[in-house]
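Laboratory data are not the source of any read-out in this text; all were calculated from the coordinates shown. For clarity, every value in this text was computed on a predicted model and none was experimentally measured. Cβ sites come from the backbone with ideal geometry, for glycine too, and all protein chains shown count toward neighbours.
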Amino acid sequence: MLIRHFQPSDAPALRAVFHDSIHGLASANYSAAQLDAWAPAEHDTDGWLRRMEAIAPLVAEIEGEPAGFADLQTDGYIDMFFVSPRHARRGVGTALMRRLLDAAREAALASIYSNVSLTAEPFFAGHGFTVERRNEVAVRGAVLRNATMRRRLVETRSLD
């Protein structure tokens, strides 16, 4: 597995990973209507490319094909973290998370956080994230539940 930086030519394949991950992995936690609202089949191709360029994700590649992607913003926010269902539970997510954690430590971030789907919550918890709050988010007429989760990288101590 190769983990590399996003290239604009990745945008269509990453959109497929996004769509397939949501529809293939999250169906146990969300209804078909919620999944369609979250990741509709029709999308704005140019808007997707602009978003990918803005967040500059890392791409996990297996045999020349994107298997997953994840980003880390300068404030420690993980905006997107998706793995193709064809490569789920094969270490792709863990490899991406390790790279994000390395980047966060290198940037001297105190913590990293994300708004995590119900489906991804156990994965994030397994990597040391804890739930800070539960959310309900309106997306294209559907309400989706998720959790804001954070992993502290720097311990804070009381001076008592």
At q = 0.08, 0.10 Å⁻¹, base-10 log of I(q)/I(0) for the chain (Debye sum, equal scatterers on each alpha carbon): -0.23, -0.36
Whole-percent pair-distance distribution, where bins are 10 Å wide, for the alpha carbons of segment 1-50: 23, 46, 26, 4
Exposure proxy order (Cβ contacts within 10 Å, fewest to most) of Ile55, Ile78: Ile55, Ile78
Mean separation of Cα contacts under 8 Å (6+ apart) over length of the chain, as relative contact order %: 22
Size of electric dipole in segment 34-97: Cβ of Lys, Arg +1 and of Asp, Glu -1, about Cα centre, debye, nearest 20: 320
Inter-centroid distance (Cα atoms) of segment 67-95 relative to segment 1-29, Å: 9
Candidates per trypsin sites (Lys or Arg not before Pro) in segment 59-160, loop by DSSP, up to 10 other Cβ within 10 Å: Arg157
Value of [θ]222 nm, deg cm²/dmol, for the chain, DSSP H segments ≥ 4, -39500 (n - 2.57) each, nearest 500: -10000 deg cm²/dmol
Percent antiparallel among DSSP beta bridges (both partners in the chain, rounded to 5): 95
Gain in span if fully extended, Tyr77 to Gln7, counting 0.36 nm per residue against the direct Cα distance: 23.1 nm
For q = 0.12, 0.19, 0.25 Å⁻¹, Debye-computed log10 I/I(0) when each Cα of segment 51-113 counts as one equal scatterer: -0.29, -0.68, -1.05
Listed peptides 18-29, 41-52 by packing density, highest first (mean Cβ within 10 Å): 18-29, 41-52
Charge dipole (debye, nearest 20) of segment 2-109; +1 at Cβ of Lys and Arg, -1 at Cβ of Asp and Glu: 400
